[in-house]
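Report on the following structure.
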Amino acid sequence: RGDAHKKGFWHRYVHVWVVDVPGERLMMQHRAATKKLFGDLWTCCTGHVSVGEPSLLHAQRAIESDFKRSYPERLFEFMFTCKEETDHLGLKLKQVIDVYALPLENPPSTSTLAVDSEEADAIKYVTLAELKDIYAQKDPGHVIISNPMYHQRFFYIMAKLIRRYVDNMPQEDSDDERHNQKAKQLLDTYSPEGDLSEPGPRGEVHRGGTWHRAAHVWLLDAAGGRALMIQRSKKKRHFRSQWTCSTAHIGAGESSRPAAIKSIKSDIGLTHIEDHEVELIFQAQNESDTGAGIVLKQVVDVYCVQLPSAGYLSAPPPEALTLAPGEVDQVSYCAIDELELIWDEGKAAHPNVVIPSSDEYKQRLLFYMRQKVRKFK
């Protein structure tokens, strides 16, 4: 290996791109500054291929070594082979690169990965569009393959891989981009100053980044000091596979309470709650990047349902809840302190969690929940 680098011999190499397929994002790692080759640069997971061994084996080993995660062979998809010649720190590197994709429907968050500090010191996800910009601008902070065939084939095949995932999804999604009924729902809209404006169709309101109303409903297990998190369906266009609370849009001229009650009952089958138990706690403005090229600007009425209640002697376990097909993939309870930590660490550390943009939202919700837990105890 040392001679191959110093004497400019052709040798084999692997690139492995971990793909968050629902989010259309790719994982990159920041190589440690102490690395002799390409130190202090962002790249995908890489590795050398030993004599006489298949590149797939080393693709698996690269993931295991860098991220301490094991994935079966069947999940790795060979994309293409590309030659690359690079002059780096006085060395002429000549590589025959086998490029693999590791497409995952439930990719790990960056905070859960045990990174080998000798190899990398940070991990991030970038969208396919962001990576195209990085290559187009030849960003000096990233390893850019000089052979144009690499990025031409890479972006073409990666787009096909993601499109295949979308095409294979069951057609039961309810998002407005998939079913025009919701796109036509009229929503009250607001000016940036907060003045009520003309109602607009939901689809146009989303695409135009217009302020509109929404309801968020948090389920609080006061006995356990935890909140229920809902993972939105991987078939959703907005916030696909993201963890959040139950949410709803509010139709033009309507109040938020009926929408909030309908949302919590239909999303998780919480049918034994009384309407008065869905408590409005505050209103806040919130802006959220949906991951689908749209930033939602919402005036949010935030509700909370506290359990135990008259209809529930204790908070039901996740497996006892009835999840709405095409809306919710799974649910999980999260301790209030843990939720605060996730929100403080932000989107970079927790890419699969919807993080409120408003500090007021976070502070008021956490304060309310902790007060309820203290009173219950």
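Could you check, for region 210-220, whether at least one of its residues is open to solvent by less than 50 Å² (accessible area, probe 1.4 Å), assigned to a loop (DSSP other than H, G, I, E, B), farther than 30 Å from Ile336 by Cα and at pLDDT 90 or above? Yes; the residues of region 210-220 include at least one that is open to solvent by less than 50 Å² (accessible area, probe 1.4 Å), assigned to a loop (DSSP other than H, G, I, E, B), farther than 30 Å from Ile336 by Cα and at pLDDT 90 or above.
Just so you know, in region 254-294 the residues that are over 22 Å from Glu360 (Cα atoms) and charged (D, E, K, R) include one that is surrounded by the fewest Cβ atoms within 10 Å (Cβ to Cβ), and it is Asp275. Would you check if there is a residue in region 182-198 being among the β-branched types (Val, Ile, Thr) and touching a residue at least 40 places away in the same chain (Cβ under 8 Å)? Scanning region 182-198, I find no residue that is among the β-branched types (Val, Ile, Thr) and touching a residue at least 40 places away in the same chain (Cβ under 8 Å), so the answer is no. Mind listing whichever residues of region 295-325 are open to solvent by less than 20 Å² (accessible area, probe 1.4 Å), outside any strand (DSSP E or B) and either more than 15 Å from Ile230 (Cβ to Cβ) or among the small types (Gly, Ala, Ser) (or both)? Scanning region 295-325 gives Ala315, Ala324.
Scanning region 96-114 for residues that are closer than 15 Å to Thr43 by Cβ and open to solvent by 20 Å² or more (accessible area, probe 1.4 Å) gives no hits.
Return a yes/no flag: does region 13-34 have any residue that is in contact (Cβ under 8 Å) with a residue 40 or more places away in the chain and at positive phi. Scanning region 13-34 turns up at least one residue that is in contact (Cβ under 8 Å) with a residue 40 or more places away in the chain and at positive phi.
Of everything in region 115-160, what is among the β-branched types (Val, Ile, Thr), in contact with a helix residue (DSSP H, G or I) (Cβ under 9 Å, 6 or more places away or on another chain) and open to solvent by 40 Å² or more (accessible area, probe 1.4 Å)? Give them in sequence order.
Initial filter on region 115-160 (among the β-branched types (Val, Ile, Thr)): 115, 123, 126-127, 134, 143-145, 157.
When the remaining residues are screened for being in contact with a helix residue (DSSP H, G or I) (Cβ under 9 Å, 6 or more places away or on another chain), the result is 115, 123, 126, 144-145.
The answer is Val115, Ile144.
Across region 69-78, a minimum of one residue is classified as modelled with pLDDT of 90 or more, touching a helix residue (DSSP H, G or I) at 6+ places or on another chain (Cβ under 8 Å) and open to solvent by less than 50 Å² (accessible area, probe 1.4 Å). Counting only residues that are charged (D, E, K, R), touching a strand residue (DSSP E or B) at 6+ places or on another chain (Cβ under 8 Å) and outside any loop (DSSP other than H, G, I, E, B), region 39-86 holds 6 of them. Would you be able to say whether some residue in region 354-366 is more than 21 Å from the chain's Cα centre (by Cα), open to solvent by less than 70 Å² (accessible area, probe 1.4 Å) and not aliphatic (A, V, I, L, M)? So far as region 354-366 goes, no, none of its residues is more than 21 Å from the chain's Cα centre (by Cα), open to solvent by less than 70 Å² (accessible area, probe 1.4 Å) and not aliphatic (A, V, I, L, M).
Please tell me if Leu341 is open to solvent by 40 Å² or more (accessible area, probe 1.4 Å), assigned to a loop (DSSP other than H, G, I, E, B) and either among the basic types (Lys, Arg) or more than 24 Å from Arg213 (Cα to Cα) (or both). No: the conditions fail for Leu341. Applying the condition of being within 16 Å of the chain's Cα centre (by Cα) and without any contact (Cβ under 8 Å) to a residue 40 or more places away in the chain to region 344-353 and asking which residue is surrounded by the fewest Cβ atoms within 10 Å (Cβ to Cβ) yields Gly346. The residue that is surrounded by the fewest Cβ atoms within 10 Å (Cβ to Cβ), counting only those in region 237-253 that are over 24 Å from Glu340 (Cβ atoms) and in contact with a strand residue (DSSP E or B) (Cβ under 9 Å, 6 or more places away or on another chain), is Gly253. Being of a type outside the set (D, E, K, R), free of Cβ contacts under 8 Å to residues at least 24 places away in the same chain and in contact with an Asp or Glu (Cβ under 7 Å, 6 or more places away or on another chain) holds for only one residue in Gln283, Gln371, and it is Gln283. The criterion of being part of a loop (DSSP other than H, G, I, E, B) and either under 27 Å from Thr271 (Cβ atoms) or at pLDDT 95 or above (or both) does not hold for Ala348.
The values are calculated or read from the model by the stated rules, or taken from the named source; none is laboratory data. Note that the structure is predicted; figures quoted are calculated from it, not measured. Here the Cβ is made from the backbone with ideal geometry for all residues, glycine too, and neighbour counts use every protein chain on show. For the accessible areas, the whole protein counts, side chains as well, though only heavy atoms, and no ligand, DNA or RNA atoms are used. Shrake-Rupley method; radii C 1.70, N 1.55, O 1.52, S 1.80 Å.
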